[in-house]
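The structure under discussion appears below in the form of structure tokens.
Computed from the coordinates by the stated procedures, all read-outs in this text should not be read as laboratory data. Just so it is clear, the model here is predicted, and its values are computed rather than measured. Glycine also receives a Cβ, built like all others from the backbone with ideal geometry; neighbour counts cover every protein chain displayed.
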Amino acid sequence: RFLKETRPALREKHPEMSNVELVKKIAGAWKELPATQKQVYEEARKTDWQRYGEQMAAYKAQLTPAQVAALEEERKNRLAKRRSFRAKRELTVLGKPKRPRSGFNIFVSENFQESEGASPVAKLKQLFNAWQKMSGSQKQPYLQLAEDDKVRYENEMKSWEAKMVELGREDLIRSRKQSPRKKTAETAKQAGTAKGSSHGKKAKSKLKKSEE
């Protein structure tokens, strides 16, 4: 509410400010606001929230169980998207290196402007068809650049992950996230080896009995 009330006047007073700068200035003004004035806004916020809850309850009371379930599913999807957006934004702020590009991605970035097509989708389709028709030798320069980009990514990720460890953000390190998957793969491999060994022993046993 304080932001909503303060923003228009501040925008008119400082038209040169970006939205981020404007919000920072409003946040600073909020910090300097006397406790008595803050209390007025807090009480208004509580009243607004209570009114919203009552209106929502009245709205849900008119819905069928199926509609309530659909509404809840939509709410969960919105929350999931919001969490995903925040996670991506956090990684950007923390300076996580960009993932390596494929040979096709590099080919597209270098030829997109000159490609034929009335729309971006049409251009991309034309480039995809051109890529499909290219020989291995024609693709090789782009594939080599992609390999170089993988090396760049790995080197940058090692430095970035070391920095995350220093910041106490081990949850963002790849090895910790990938270890269960790796362990599962190794377990499956061991199981396959053991199974193959078991089949081999059974076959040898049958052969020995037939010889007897």
### Percent RCO, i.e. relative contact order, over segment 96-171, from Cα pairs under 8 Å lying at least 6 residues apart
45
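Per residue Cα convex hull volume for segment 61-181, in cubic angstrom? Could you put the intermediate results ahead of the total?
Numbers: hull volume 27.7 nm³, N = 121.
Per residue, the Cα convex hull of segment 61-181 comes to 229 Å³.
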### Task
For segment 121-160, restrict the atom set to alpha-carbon positions and state the Rg and Dmax in Å.
14.2, 39
### Query
In terms of the Cα gyration tensor, with a ≥ b ≥ c the square roots of its eigenvalues, is segment 11-65 rounded because a/c is under 1.5, prolate because a/b exceeds b/c, or oblate?
oblate
### Query
Among 107, 128, what is the fewest-to-most ranking by other Cβ atoms within 10 Å?
128, 107
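Note down the magnitude of the dipole of segment 1-88 about its Cα centre, charges +1 on Lys and Arg C-beta and -1 on Asp and Glu C-beta and zero elsewhere, to the nearest 20 debye.
On the way: 21 positive and 12 negative charges, 80 e Å.
Here segment 1-88 has a charge dipole of around 380 debye.
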### Message
A 21 angstrom limit on the alpha carbon distance is what I want to check against. Which of 4/88; 4/46; 4/25; 96/150; 96/123; 98/150 exceed it?
### Response
4/88; 96/123
### Task
Taking every pair of alpha-carbon atoms in segment 1-133, give the share separated by more than 18 Å as a whole percent.
78
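Could you calculate the contour length gain from residue 96 to residue 82, that is, 0.36 nm times the residue separation minus the distance between their Cα atoms, to one decimal place in nm?
Values: separation 14, 0.36 × 14 = 5.04 nm, distance 1.94 nm.
This chain segment gains 3.1 nm when fully extended.
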